[in-house]
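Below: the structure, in structure tokens.
Bear in mind these aren't lab numbers, they're just calculated from the coordinates by the rules spelled out. Because the structure is a prediction, the values reported are computed rather than measured. Backbone-built Cβ (ideal geometry, glycine too); neighbour counts: all protein chains shown.
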Amino acid sequence: MIDLRSDTVTKPTASMRRAMAEAEVGDDVYREDPTVNALEARAAEILGKPAALFVPTGSMGNAIAIKLHTHHGQEVICDDKAHILDWELAMTAWFSGCLARPVPTRDGILSWSAIEPVIKNPGGFNAPTAMVNLEHPHNMGGGTLYAIAAIDEICQRAHARNLNVHMDGARLFNAVARSGLAPARIVANVDTVMTCLSKGLGAPVGSLLAGPADLITRARIHRKQLGGGMRQAGILAAAGLVALAESPQRMHDDHANARLLAEAVGVDPATIQTNIVIFEIQSNPAEFIAHLQSEAIRASAIGGQRIRLVTHYDVSRQDCERAASVLSGLLHS
Ligand SMILES: Cc1ncc(COP(=O)(O)O)c(C=O)c1O
């Protein structure tokens, strides 16, 4: 099966499995797991932030970040296709008691000129804005990226308005591969960043939330509130350390494979920035997916007439060539 539904479907590599088997562990709720401690220190270093916290999922990392930057009754500005808006079970409302304020975008990428008009100040009627969420790369935007100047400008201007900025960098390392910028440079001006080990980096489980030490101390408490205080989590962190060391350098292959698939489905490959291709079909999406499945190819129907393909290390160039030929045949039949 050529599984292009998501980059979350990857299986741990042999070196990850070896590291997991050999990991030194302890009780991480007591902060006694040396492998988790090493992962958190390494992540903080790579991301250029004072501290980082290992969390079970990206959704939990985002939920905790929003909790850190808000009080109940405030608003969180995000784009209209944001993962925190559509795919995290209303955690902004449920855990933080805040309203998401989506800003219309074409491809998930915000600009300060789009953000500024929706900022609300404290007053008798409006819920005040507390923070801005930037998703980089953008999943439902089709793996799209912010220009670094845009990230910097949004952060600088948001801070001038006393707003914090969180980056949902679930696929940050795809942005790193594409832009050639160091992770720490990309996130230099955001207050917190969440990045996933379990997407293109290929680890089986886990994400990291990084930011100032005082916020990460509070984040640890919120992680426990959400039931995310794991015990001998070094088994998982060990795979994460391998993922950080070995996976970023091969992401160019995933991006090249995504461009190949884009061409096959009639999307200009020049518009593909990372590892996600979204395209529209004329036929019934459920039937389209079923037809692909009968050819041993899996893809996601993501609403309306849209289909999403995501490349990752468990699909080879050869797999993508076969998928491209089947997709092209299907679309042109
Ligand atoms: C942009 C983005 N943020 C957050 C998440 C959540 O990650 P998790 O599935 O680990 O909760 C995802 C998952 O696909 C994502 O694409």
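Quick notes on this structure:
- Alpha-carbon spread of the range 250-331, three principal axes, descending order, Å: 34, 24, 19
- Options 61, 94, 46, ranked by Cα towards positive dipole end of the range 8-246, top entry (Cβ charges): 94
- Using a simple spin-label model with pseudo-atoms 7 Å out from Cα toward Cβ, residue 182 and residue 160 lie 2.7 nm apart.
- Student exercise, the range 250-331 dipole from Lys, Arg, Asp, Glu Cβ charges, in Debye to nearest 20: 100 debye
- On full extension, the segment bounded by residue 300 and residue 333 gains 9.9 nm, given 0.36 nm per residue less the C-alpha separation.
- Net length gained if the chain between residue 221 and residue 30 were fully extended (0.36 nm per residue, minus Cα distance): 67.5 nm
- Under the span-like rule (Cα at least 15 Å along the axis, Kyte-Doolittle mean at least -1.0), DSSP H helices of the chain: 34-47, 58-69, 148-160, 213-225, 234-246, 251-264, 317-331
- Gaussian network model of the chain, Cα within-10 Å springs - most flexible of 282, 273, 225: 282
- Basic side chains Lys and Arg get +1 at the Cβ, acidic Asp and Glu get -1 at the Cβ, and with that the dipole of the range 8-246 about its Cα centre reaches some 100 debye.
- Between residue 271 and residue 291, the C-beta separation translates, for a Förster distance of 30 Å, into a calculated FRET efficiency of about 0.75.
- Nitroxide proxy distance, nm - points 7 Å out along Cα→Cβ at residue 249 and residue 94: 4.1 nm
- Net length gained if the chain between residue 22 and residue 113 were fully extended (0.36 nm per residue, minus Cα distance): 27.7 nm
- Among 316, 113, 247, the residue with the largest mean-square fluctuation in a Gaussian network model of the chain, with springs joining Cα atoms closer than 10 Å, is 113.
- Evaluated over the Cα positions of the chain, the convex hull gives a direction-averaged projected area, one quarter of its surface, of 16.6 nm².
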